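Quick notes on the structure that follows.
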Amino acid sequence: MKKNMLIFLAGFICASVLLFFIGSAVNNSQDEQVDFPQGYKIVSPDFPKELEFAGERVPIENFEVYERIDREIIVNTYFHSSTIISIKRANRWFPVIEPILESNGIPDDFKYLMIAESGAANAISPAGATGFWQFLEGTALKYGLEVNNEVDERYDVEKSTLAACMYLKEAYNLFGSWTLAAASFNMGIPGVKKQLERQKTRNYYNLVLGEETSRYIARIIALKEIMNNPSKYGFHIKEEDLYNPLPYEEVEVSGSINDLADWAIQRGINYKILKLYNPWLRDNTLTNRSRKSYTIKLPEMGSIEVIKEN
């Protein structure tokens, strides 16, 4: 009897200890879920049922195409800082770029190519590709942009967008496909032409390409999908947090400017603001020996607050 009592007590104690640890584990798990910041969850984003780029259907029924785009949707969904900044900048720059694309017969979707290239910023790549559209110097000169020590029109959003339109129209006329034209923006028209001939196909999605160009089109398509449906992918950005367009007025200059800082101060701004509105001005002078006419932007009166000197 005494032995049975001892066995019962031992079993009761073991069961009590086990229940205590199980209860602690459950409570800790619940606490972790409650305390995890902003209820954040890591999930695989829903993949859209249909996709198209520039009016051309994306064959997502092909497993490789599906997985390639799925990768870019996941990467750009969870690359929070970059995608948020691109969405904010797009509110400022898409209204500038969209009418230029439209007036030149380029599909609106190419604004997402610009996002993939630079994130809507005047970036410079390690190879020297520059501006919103990431033109190398030789390509920029070919399509009519001025590039020298004082003036680099790759930094001029409107002029570089126009140059991009010229490039893309040439590529489309050659390939008959906007998707191939977009691919050529990354690997060059000769590069695409060579691979089409070598692989005996006319369809971009049948090409075997290096990882950079292979991911390039998928990234553009993914960015379009995310930026058109931001809340679906977890981006909740208030309208007041978007970057607004910069109102400006224009001044025509056909002579030289010996000191751009003095020139700016005389117009009620400063050198920094002048460069922010005209990043294509690359020096502190504009010699302009050829007496070319340049359009310089100035902030619209009262649109910005100039920081006062101490």
Review point. What are the ³J(HN,Hα) values, in whole Hz, obtained from phi via the Karplus relation 6.51 cos²θ - 1.76 cosθ + 1.60 with θ = phi - 60°, for each residue of the stretch 124-136 in sequence order, with x given for Gly and Pro?
Key: 10, 7, x, 7, x, 5, 9, x, 4, 9, 6, 7, 6
Check your understanding: What FRET efficiency would be calculated for the residue pair Phe235, Lys272, taking the C-beta separation as r and a Förster radius of 25 Å, to the nearest 0.05?
Key -> 0.20
Exercise for review: Report the paramagnetic label zone for Leu246: residues of the stretch 273-297 whose backbone N is under 12 Å from a point 7 Å from Cα along the Cα-to-Cβ axis.
Suggested key: 273-281, 297
Review point. Mind ordering 237-246, 71-80 by average Cβ neighbours within 10 Å, highest first?
Key: 71-80, 237-246
Point to revise | Segment Glu309-Lys49, length gained on full extension (0.36 nm per residue, minus Cα span) | key: 87.9 nm
Check your understanding: Hey, what did the chain get for relative contact order, percent, Cα under 8 Å, at least 6 apart?
Key -> 18 percent
Revision key, fill the gap. Expressed in nanometres to one decimal, the distance between label points 7 Å along Cα→Cβ at Glu67 and Ile84 is 3.2 nm
Revision key, fill the gap. Output ordering of 192-198, 230-236, 211-217 (per-residue mean of other Cβ within 10 Å, highest first) is 211-217, 192-198, 230-236
Check your understanding: Mean shadow of the stretch 248-299, computed from the convex hull of its alpha carbons, in nm²?
Key -> 3.1 nm²
Exercise for review: Determine ³J(HN,Hα), in whole Hz, for all residues of the stretch 55-61 in sequence, where each value follows from phi through the Karplus function 6.51 cos²θ - 1.76 cosθ + 1.60 and θ = phi - 60°; x replaces Gly and Pro.
Suggested key: x, 10, 5, 9, x, 6, 5
**Study point:** 27 Å Cα-Cα threshold exceeded, pairs from Lys49/Lys159; Lys111/Lys308; Lys159/Lys292; Lys142/Lys297
**Key:** Lys49/Lys159; Lys111/Lys308
Revision key, fill the gap. Result row for the chain, helices from DSSP H with C-alpha axial extent 20 Å or more and mean Kyte hydropathy at least 0.0, is 2-35, 80-103, 157-175
Exercise for review: Figure the gain on full extension for Val253 and Asp108 (residue separation times 0.36 nm, minus the Cα-Cα span) and round it to one decimal in nm.
Suggested key: 49.0 nm
Review point. Taking a temperature of 4 °C and a viscosity of 1.567 mPa s, what whole-number D in µm²/s does Stokes-Einstein yield for the chain with Rh from Kirkwood over alpha carbon pairs?
Key: 55 µm²/s
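Values in this text are rule-based calculations from the coordinates and carry no lab data. Values in this document were obtained by computation on a predicted structure and should not be read as measured data. Ideal geometry is used to build each Cβ from the backbone, glycine not excepted, and the neighbour counts take in all protein chains shown.
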